[in-house]
Amino acid sequence: MVLPVQAPMTALRVAAAVCLLAALGACANIDSGPNHSPEEVARAAYRDDGPAELTLYTMVDNNTGSGAHTSLLINAPSQRVIFDPSGSVDMPSAPEIDDVLYGITPKVREIYESAHARNTYRVRIQTVLVPSGVADRAMRLAQANGPVGATQCTSATARILRQLPGFESVGSTLFPNTLANRFARLPGVQERVLREDDSDDKARAIAALEAAQPNQ
């Protein structure tokens, strides 16, 4: 008996692997540098007077439409933070410990969003109001998560979300667009897309934005 040739299946697997790596490329091999000290984080802590909310950020490649990165803003009763797993944001005004950014003032929030919107990427921004206890739990889960490995930004964010009451349906996934689409189906989600046309240099964008908005 002659066995069927398995090459086509192997080719399919290789193609699938290539697509997976391409989709997760922006989360890969990121070194966000050493942690800041607890004292620096405590000094920077910012409490927003608005309602408790979660905001899911999805960075989308303008050329391919593929999701490239996922992060989560958490407006908890005690302070506002951003869980930026395997992210590359380095801002003096937003000290970081284990992929959690602190000191998320309105200025820092605007800079964070704008720095990710470039001529190569747009930012899908989805916000939902939550009970204070849910936001507080999300923040504690983010703080306890620890640093996230390359390509795991979406997986880590989904893992936190599905532990929250009302968010169980997001499940688990490695793909930013998949998580965003599931998040969009939750009740009360409001969505907008941020597009900008500056060059693909996040560090330069952050420096320029911080210089343009002093003492805010």
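Residues in region 204-216 that are at pLDDT below 70 and either loosely packed, with under 12 Cβ neighbours inside 10 Å or assigned to a loop (DSSP other than H, G, I, E, B) (or both): A212, Q213, P214, N215, Q216. Exactly one residue out of R137, R185, R159 is among the charged types (D, E, K, R), modelled with pLDDT of 95 or more and under 17 Å from the mean Cα position of the chain (by Cα): that is R159.
Give the residue that is nearest to E113 (Cα to Cα), with candidates limited to residues of region 179-191 that are buried (at least 18 other Cβ atoms within 10 Å of the Cβ) and touching a residue at least 60 places away in the same chain (Cβ under 8 Å). Steps first, answer last, please.
Residues of region 179-191 buried (at least 18 other Cβ atoms within 10 Å of the Cβ): 179-180, 182-183.
This time we only want the ones that are touching a residue at least 60 places away in the same chain (Cβ under 8 Å), so: 179-180, 183.
Values: L179: 18, A180: 16, F183: 19 Å.
Residue satisfying both the conditions and the ranking: A180.
Whether a residue is closer than 18 Å to C153 by Cβ and modelled with pLDDT of 95 or more was assessed, and D61 passes this test. Over 17 Å from A45 (Cα atoms) and buried (at least 20 other Cβ atoms within 10 Å of the Cβ), is that true of P176? Here the answer is yes, as P176 does meet what is asked. Collect the residues in region 42-62 that are in a strand (DSSP E or B) and within 20 Å of V130 (Cβ to Cβ), keeping them in residue-number order. Selection gives E53, L54, T55, L56, Y57, T58.
The values are calculated or read from the model by the stated rules, or taken from the named source; none is laboratory data. In this text, all values refer to a predicted model and were calculated from it rather than measured experimentally. In this analysis, Cβ positions are derived from the backbone assuming ideal geometry, glycine residues included, and neighbour counts consider all displayed protein chains.
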